[in-house]
Amino acid sequence: MKFSEVPAPASSGSVSSGETSGSELQGVGNIDEYDIIKEGKAEILTPKEDKVFYNPIQQFNRDLSIMAIKSYIELRNEKWMEKQQKREEAKAQKADNEPQSKKRKITGPPKINILEALSATGLRAIRYGHEIPHVNKIVANDLLPEAVKSIDRNINHAKLENVLESHLGDAIKYMASTEEKFNVIDLDPYGTATPFMDLAIQAIEDDGMLLVTCTDAGVLAGSGYPEKCFALYGGNNFGNSFVNGEANHEAGIRLILGMISATAAKYKKSIEPVLSLSIDFYFRLFIRVKTSPIEVKRLSSKTMVVYGCNGCGHKIEQPLGRISGPSKFQYPKLVAGVSSECGFCEGTYTVAGPMWKGPIHDPKFIDRILSINHESDKQVYGTTERIKGMLTVAKSELSDVSFYFNLNHMSSVFKSPPISINEMVKALGNLGYNVSLTHAKKNCIKTNAPWEVVLQINKEWLVLSNREYLCKTKANEGNMSEKTKVKVEQLEADIGSNPNLLKASPGYRILKKLAATPEDMKIDFVTESEVSSSVNKLRNVKMVRYQENPTKNWGPKSRPSSK
Ligand SMILES: C[S@@+](CC[C@H](N)C(=O)[O-])C[C@H]1O[C@@H](n2cnc3c(N)ncnc32)[C@H](O)[C@@H]1O
Ligand SMILES: [Zn+2]
């Protein structure tokens, strides 16, 4: 179904000075005082002295948000039309004899309302106004009078008065006081979105979509602010251990979702994350919110704490509730294998969470964004390649596996030569396990294989490299140093050991504990399988899956200096 869009100047992500020197623009004054920013189909004017926040790096966030809202509208309208069609068919059967004039015509689905609660220059809201069809009204709110002046100037410049209105005030107070509900609420604050969540959940229309940015990645995925992380998100990440640090990016996503799901539950609402991304220095999540007391009852079973071993990265998920039947709460039981000491490496566990345990993406929703992205004009949407790359990987992520591990970290644990993704995925696939990449980190994989199997594969990789070492060294036996001789003797006595590992290290302990690879466990690093070829296909497509640093001093922009 297509609805008409408001035409506007097409350009992508550029900033220039006022072009008509000294000229007056209606409702604007002297245009020389402004920079003209063109992004997507919007053109906005920002004061040269930068009193209002604008970050060009966030074009990816804005392009993606536009496509996600379009997907939401398309899917909502299709569902609406389907329902309407069924209702009409049922009616038609009943009232076959009614005169034609009495039969109701199917009208289109209702248009949507959008709130951009923290709007700054208004660029995002202006883009929504130009580029998203089927919108009734957009409210662009900001706390700062300069920002609202900028929003008004740009509404006027874009001639979007019929659809877009500004509001000056604290977003929390605005959402608390407005009688209106919004189908889409976009929260794009400095730092955390937590303070806005209670009111956003209440101000959202049933089956609406929440778009949430959190730029406090240092809190969510770093290890410097554990008390802040707990205060804002009600849980911990995995802290600073070498083997768990990378998993903190997915922990960050799950902590945000945990906070939102717990907030929603207070108002009998449940959440359905449709796309949850860890991007560069921030997180961006797209979440459907529905009133559903039954789903709320299931929340404890979709919430977990996770024990993460600081020595080898082993993880154990402990759900905080069980559900029997459609929605009967059962107290959680301790999951198997929980102990204060890791059974593989004798390391300690960090307790992460509570956090969201459910799926973080909806592949059908992602597919819809990808098809909108595919049809988008590359001149207007400057980040289509990255959207395609990142979302294709996100869509492929195993939905029932919460975390991933970094292959280089595993090689460091064993002090073995690095194992490539290709070889690791082949080994896992040939043993019958499933594997995927993750959008959150390079060189990491998710798998449904038990941790013991992952460790066994790493050990086998070490054995192969030990064999190679012995072969090469012994071919040159005459020139062996005393040190080399000792190493050769050690490896001949135990090919599955590594003389370079300290006795107290996790790698040494794992190698001691793991038996030799069982005869019937054929670890094959060479043969392709369905799993490895699908992962490889994804890796071989020329895609911008991870962002390169786009400018010199890039990252979250700080608040404008004049405040
Ligand atoms: C990161 S910027 C928003 C950027 C904008 N969404 C975009 O895409 O260009 C955050 C904005 O939130 C505003 N702000 C901060 N706290 C606020 C609050 N409590 N209520 C409303 N606006 C607030 C700031 O003035 C700032 O303009
Ligand atoms: Zn361990």
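The values are calculated or read from the model by the stated rules, or taken from the named source; none is laboratory data. This one's a predicted model, so the numbers in the text were calculated from it and none came from an experiment. FYI the Cβ positions are ideal-geometry reconstructions off the backbone, even for glycines, and counts take in every protein chain you see.
Considering only residues in region 326-362 that are over 28 Å from the mean Cα position of the chain (by Cα) and among the β-branched types (Val, Ile, Thr), the one that is farthest from ligand 1 (Cβ to nearest atom) turns out to be VAL338.
Considering only region 396-403, I want to know if a residue exists there that is under 17 Å from GLN456 (Cα atoms), in contact with a strand residue (DSSP E or B) (Cβ under 8 Å, 6 or more places away or on another chain) and either away from ligand 1 (no atom under 16 Å from the Cβ) or in the same structural domain as GLU39 (by TED's automatic domain parsing) (or both). No, there is no match, as no residue in region 396-403 is under 17 Å from GLN456 (Cα atoms), in contact with a strand residue (DSSP E or B) (Cβ under 8 Å, 6 or more places away or on another chain) and either away from ligand 1 (no atom under 16 Å from the Cβ) or in the same structural domain as GLU39 (by TED's automatic domain parsing) (or both). Among the numbered conditions (1) over 25 Å from the mean Cα position of the chain (by Cα); (2) closer than 21 Å to THR263 by Cβ; (3) crowded, with 21+ Cβ neighbours inside 10 Å, the only one that PHE182 does not meet is (1). Of the residues examined, SER420 is one that is polar (S, T, N, Q) and under 18 Å from PHE525 (Cβ atoms).
When region 178-196 is filtered for residues that are part of a loop (DSSP other than H, G, I, E, B) and touching a strand residue (DSSP E or B) at 6+ places or on another chain (Cβ under 9 Å), the ones remaining, listed by number, are THR178, GLU180, LYS181, ASP188, PRO189, GLY191, THR192, ALA193.
The set of residues in region 509-534 being aliphatic (A, V, I, L, M) and either within 13 Å of ASN430 (Cβ to Cβ) or within 16 Å of ligand 1 (Cβ to nearest atom) (or both) consists of MET521, ILE523, VAL526, VAL531. Can you tell me which residue is farthest from ligand 2 (Cβ to nearest atom) among those in region 304-319 that are assigned to a loop (DSSP other than H, G, I, E, B) and at negative phi? Residue satisfying both the conditions and the ranking: ASN310. Looking only at residues of region 168-195 that are closer than 21 Å to ILE66 by Cβ and not charged (D, E, K, R), we find that the one that is farthest from ligand 1 (Cβ to nearest atom) is ASN183. Scanning region 417-435 turns up no residue that is surrounded by 21 or more Cβ atoms within 10 Å (Cβ to Cβ), at pLDDT 95 or above and in contact with a Cys (Cβ under 9 Å, 6 or more places away or on another chain).
Any chance you could count how many residues in region 400-434 are more than 18 Å from SER533 (Cα to Cα) and not in a loop (DSSP other than H, G, I, E, B)? The number of residues fulfilling the criteria is 10. The residue list LEU232, LEU220, LEU255, LEU187 contains one member that is touching an Asp or Glu at 6+ places or on another chain (Cβ under 8 Å), among the hydrophobic types (A, V, I, L, M, F, W, C) and either within 16 Å of ligand 2 (Cβ to nearest atom) or under 23 Å from PRO354 (Cβ atoms) (or both), which is LEU232. What about LYS79, is it surrounded by 12 or more Cβ atoms within 10 Å (Cβ to Cβ) and in a helix (DSSP H, G or I)? Here the answer is yes, as LYS79 does meet what is asked. Every condition in (1) touching a helix residue (DSSP H, G or I) at 6+ places or on another chain (Cβ under 9 Å); (2) under 20 Å from PRO319 (Cβ atoms); (3) buried (at least 24 other Cβ atoms within 10 Å of the Cβ) is met by MET259 except one, and the failing one is (3). Filtered by the rule that a residue be within 10 Å of ligand 1 (Cβ to nearest atom) and in a loop (DSSP other than H, G, I, E, B), region 118-137 gives LEU118, SER119, ALA120, THR121, GLY122. Is there a residue in region 108-117 that is of a type outside the set (A, V, I, L, M, F, W, C), within 21 Å of the chain's Cα centre (by Cα) and not assigned by TED's automatic domain parsing to the domain that holds ILE44? So far as region 108-117 goes, yes, one or more of its residues are of a type outside the set (A, V, I, L, M, F, W, C), within 21 Å of the chain's Cα centre (by Cα) and not assigned by TED's automatic domain parsing to the domain that holds ILE44.
Screening region 345-370 for residues that are touching a Phe, Trp or Tyr at 6+ places or on another chain (Cβ under 7 Å) and not aliphatic (A, V, I, L, M) and picking the one that is farthest from ligand 2 (Cβ to nearest atom) gives THR350.
Whether a residue is within 20 Å of the chain's Cα centre (by Cα), part of a helix (DSSP H, G or I) and aromatic (Phe, Trp, Tyr) was assessed, and PHE365 passes this test. Selection over region 320-342 of residues that are assigned to a loop (DSSP other than H, G, I, E, B), in contact (Cβ under 8 Å) with a residue 12 or more places away in the chain and surrounded by fewer than 18 Cβ atoms within 10 Å (Cβ to Cβ) gives a count of 9.
Answer yes or no: is there a residue in region 287-301 that is within 16 Å of ligand 2 (Cβ to nearest atom) and at pLDDT 95 or above. Looking through region 287-301, none of the residues is within 16 Å of ligand 2 (Cβ to nearest atom) and at pLDDT 95 or above. The set of residues from region 513-563 being among the small types (Gly, Ala, Ser) and at pLDDT 90 or above comprises SER529, SER532, SER533, SER534.
Suppose the filter is of a type in the set (Gly, Ala, Ser), more than 16 Å from ligand 2 (Cβ to nearest atom), buried (at least 20 other Cβ atoms within 10 Å of the Cβ) and within 26 Å of LYS290 (Cβ to Cβ); does ALA147 pass it? It is false that ALA147 is of a type in the set (Gly, Ala, Ser), more than 16 Å from ligand 2 (Cβ to nearest atom), buried (at least 20 other Cβ atoms within 10 Å of the Cβ) and within 26 Å of LYS290 (Cβ to Cβ). Checking each residue in region 340-389 for being modelled with pLDDT under 95 and of a type in the set (Gly, Ala, Ser) picks out GLY382, GLY389.
Of the helices (runs of 4 or more DSSP H) contained entirely in region 435-530, those carrying at least 2 residues that are in contact (Cβ under 8 Å) with a residue 40 or more places away in the chain and closer than 30 Å to LEU398 by Cβ fall at 451-475, 506-513.
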